[in-house]
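One structure follows; several queries about it will come next.
The values are calculated or read from the model by the stated rules, or taken from the named source; none is laboratory data. Being a predicted model, the structure only gives us computed values, none of them experimental. As a convention, Cβ positions derive from the backbone with ideal geometry for all residues, glycine included, and neighbour counts pool all protein chains shown. In case anyone asks, the SASA skips ligands and DNA or RNA and just uses the protein heavy atoms, side chains included. Shrake-Rupley method; radii C 1.70, N 1.55, O 1.52, S 1.80 Å.
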Amino acid sequence: MRKESKIHYTGLFIDFDYMWSKIGHITRGRYERVVKRPHITFLYKPDVSDYSLVGEEATVVVTGYGYDDENEGLSVRVETDNYKLLKLYNDIETPHITLTVAADGHTVNTKNVEFYPVPVIRMKAVYGIVDDSGELITE
């Protein structure tokens with residue numbers, strides 16, 4: 001049985017090398033700080049620790065690319081048959097994946113980037129939790 005610790009954030013996580021092999025024709029990375037654990041954040045510091053979706057797989061569909069003077073990212077949508085996962089996804093204001101961030105930037109601000117349409121790219125993702133120690137749990 002897993003010792004459940006406090007959840008820092010949850011989301012759909014995509015393998016770093018796999019993702020960059022799929023999006024390399026769009027960008028090579030714009031800013032100094034590269035996000036090494038690409039994901040769509042679903043919940044940030046939730047009050048309740050719910051591990052029931054850990055390991056659930058979904059498809060992330062890239063629909064746009066954009067950057068501003070602080071952040072670079074992808075606009076995305078999620079395809080899944082899991083009702084709970086879909087509900088969490090539908091509650092996200094601007095579903096996105098942060099790719100890179102300027103030295104003084106903040107990843108949370110990628111939601112403010114203007115995204116431009118790109119040819120659709122589909123990627124496998126898995127729901128996971130990053131706990132308060134920084135560990136990623138996906139199974």
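D104 versus (1) at pLDDT below 95; (2) open to solvent by less than 100 Å² (accessible area, probe 1.4 Å): which is the lone unmet condition?
The number of the failed condition is (2).
Something else: Residue check, D69 against (1) surrounded by fewer than 17 Cβ atoms within 10 Å (Cβ to Cβ); (2) touching a residue at least 60 places away in the same chain (Cβ under 8 Å), all met but one. Which one?
Here D69 clears every test but (2).
Only residues that are in contact (Cβ under 8 Å) with a residue 24 or more places away in the chain, under 15 Å from A125 (Cβ atoms) and assigned to a helix (DSSP H, G or I): list them for the stretch 85-111, please.
Hits for the stretch 85-111 are L85, L88, Y89.
Of all residues in the stretch 97-126, which are in contact with a helix residue (DSSP H, G or I) (Cβ under 6 Å, 6 or more places away or on another chain) and closer than 8 Å to E70 by Cα?
V101
Which condition does V60 not pass, out of (1) assigned to a strand (DSSP E or B); (2) loosely packed, with under 14 Cβ neighbours inside 10 Å; (3) β-branched (V, I, T), if it passes all the others?
So the condition that V60 fails would be (2).
Within the stretch 65-104, how many residues turn out to be touching a His at 6+ places or on another chain (Cβ under 6 Å) and polar (S, T, N, Q)?
1
Can you tell me which condition R28 does not meet? The list is (1) closer than 17 Å to V118 by Cα; (2) free of Cβ contacts under 8 Å to residues at least 40 places away in the same chain; (3) in contact with a Pro (Cβ under 8 Å, 6 or more places away or on another chain), and all the others hold.
It is condition (3) that R28 fails.
Just for the stretch 32-50: of the residues that are in contact with a helix residue (DSSP H, G or I) (Cβ under 8 Å, 6 or more places away or on another chain) and part of a loop (DSSP other than H, G, I, E, B), which one is surrounded by the most Cβ atoms within 10 Å (Cβ to Cβ)?
The qualifying residue surrounded by the most Cβ atoms within 10 Å (Cβ to Cβ) is P38.
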